1. Is there any pair with a first residue in region 92-109 that is among the polar types (S, T, N, Q) and a second that is not in a strand (DSSP E or B) whose Cβ atoms are under 7 Å apart and which are 6 or more apart or on different chains, and what are they?
2. Taking the condition of being assigned to a helix (DSSP H, G or I) and loosely packed, with under 12 Cβ neighbours inside 10 Å, how many residues in region 107-136 meet it?
3. Residue by residue through region 5-50, note down the ones that are in a helix (DSSP H, G or I) and surrounded by 14 or more Cβ atoms within 10 Å (Cβ to Cβ).
4. Output the number of residues of region 138-164 satisfying the condition of being surrounded by 12 or more Cβ atoms within 10 Å (Cβ to Cβ) and either acidic (Asp, Glu) or closer than 19 Å to Val94 by Cα (or both).
5. Say whether the condition of being in contact with an Asp or Glu (Cβ under 9 Å, 6 or more places away or on another chain) and at pLDDT 95 or above is met by at least one residue in region 44-56.
6. Filter region 51-86 down to the residues that are within 19 Å of Glu141 (Cβ to Cβ) and assigned to a loop (DSSP other than H, G, I, E, B), then identify the one that is nearest to the chain's Cα centre (by Cα).
7. From the list Lys92, Lys124, Lys136, Lys193, pick out the single residue that is of a type outside the set (Asp, Glu) and not assigned by the TED database to the domain that holds Ser77.
8. May I ask you to say which residue of Leu66, Leu85 is in contact with a Gly (Cβ under 7 Å, 6 or more places away or on another chain), of a type outside the set (S, T, N, Q) and crowded, with 16+ Cβ neighbours inside 10 Å?
Amino acid sequence: MKQLKYPQPIENLIESLRQIPGIGRKTAERYAFNILSWQKQDLFNLAKVIHDMPSKISKCSTCRCLKSDQGCQFCTSTSRDTSSLCIVASVKDVFLIEETGVFKGLYHVIDHLFSPLDGQMLSKEDLAPVLERIQKLCVKEIILAFDSTLEGDATSLYLQDLVKNFSVSTTRLALGIPMGSSLDFIDEHTLSKAFVGRVSV
């Protein structure tokens, strides 16, 4: 049996940290030892925050964005523009767009892009909830805010085909976003300009 480099509790912490995308063994070790240097109360606070997450954060059954136990901040708001619906691939994208302050409508998260090579498919049944919302809310504009990738383009084309018979304007973010880029790596200023300059498709 291979001898552990560190005591088991530290190894457990390192392995848990390695589950975060982009964090390798060395980085996880640095984080682990930094955490071990914290005051005991700070450790308890972190543990409590993580422990409480599953019971206090969940996905909104309407828009699929994250909501707290107080309800969805978007669906329950009376100040959002219900005639404009922004469709995104991930929850993170919602908050990236919110940071720009340029959009005051509603969101819908479809959870993933159309990517057959990765086994990520999208059917009309998968998108039925968003199609129902478009009709129920009498949406006038659909904004397709996807990554500037082949998968993002394919998803946009598929959605455009599904709503072609709806009385709705469909737009995409402007071409200020480099091809192959994920929204997660676009700075706030560029994303804001791409949103304001969105184009009809």
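1. What qualifies is Thr100/Glu188; Thr100/Leu191; Thr100/Ser192; Thr100/Phe195.
2. Kept after step one, since they are assigned to a helix (DSSP H, G or I), are these residues of region 107-136: 116-118, 128-136.
Next cut, loosely packed, with under 12 Cβ neighbours inside 10 Å only: 116-118, 128, 132, 136.
Residues meeting the conditions: 6.
3. If we filter region 5-50 for residues that are in a helix (DSSP H, G or I), which is where we start, we get 8-17, 25-36, 40-50.
Answer for region 5-50, where residues must be in a helix (DSSP H, G or I) and surrounded by 14 or more Cβ atoms within 10 Å (Cβ to Cβ): Ile10, Glu11, Leu13, Ile14, Leu17, Thr27, Ala28, Glu29, Tyr31, Ala32, Ile35.
4. At the first step, the residues of region 138-164 found to be surrounded by 12 or more Cβ atoms within 10 Å (Cβ to Cβ) are 139-160, 162-163.
Those still in the list that are either acidic (Asp, Glu) or closer than 19 Å to Val94 by Cα (or both) too: 139, 141-149, 151-153, 155-156, 159.
Going through region 138-164 one residue at a time, the tally reaches 16.
5. Step one: list which residues in region 44-56 are in contact with an Asp or Glu (Cβ under 9 Å, 6 or more places away or on another chain), which gives 55-56.
Among the residues that remain, those that are also at pLDDT 95 or above are: none.
No: zero hits.
6. If we filter region 51-86 for residues that are within 19 Å of Glu141 (Cβ to Cβ), which is where we start, we get 62-63, 65, 74-75, 77, 79-86.
Within this subset, residues satisfying the condition of being assigned to a loop (DSSP other than H, G, I, E, B) are 62-63, 65, 74-75, 77, 79-80.
Numbers: Thr62: 15, Cys63: 12, Cys65: 8, Phe74: 14, Cys75: 16, Ser77: 20, Ser79: 22, Arg80: 19 Å.
Among those residues, the one meeting the criterion is Cys65.
7. Details: Lys92 fails: not assigned by the TED database to the domain that holds Ser77; Lys124 fails: not assigned by the TED database to the domain that holds Ser77; Lys136 fails: not assigned by the TED database to the domain that holds Ser77.
One residue alone meets the criteria, Lys193.
8. On the way: Leu66 fails: in contact with a Gly (Cβ under 7 Å, 6 or more places away or on another chain).
Within the list Leu66, Leu85, the selection yields Leu85.
The values are calculated or read from the model by the stated rules, or taken from the named source; none is laboratory data. This one's a predicted model, so the numbers in the text were calculated from it and none came from an experiment. Every residue, glycine among them, receives a Cβ derived from its backbone with ideal geometry; neighbour counts consider all protein chains shown.
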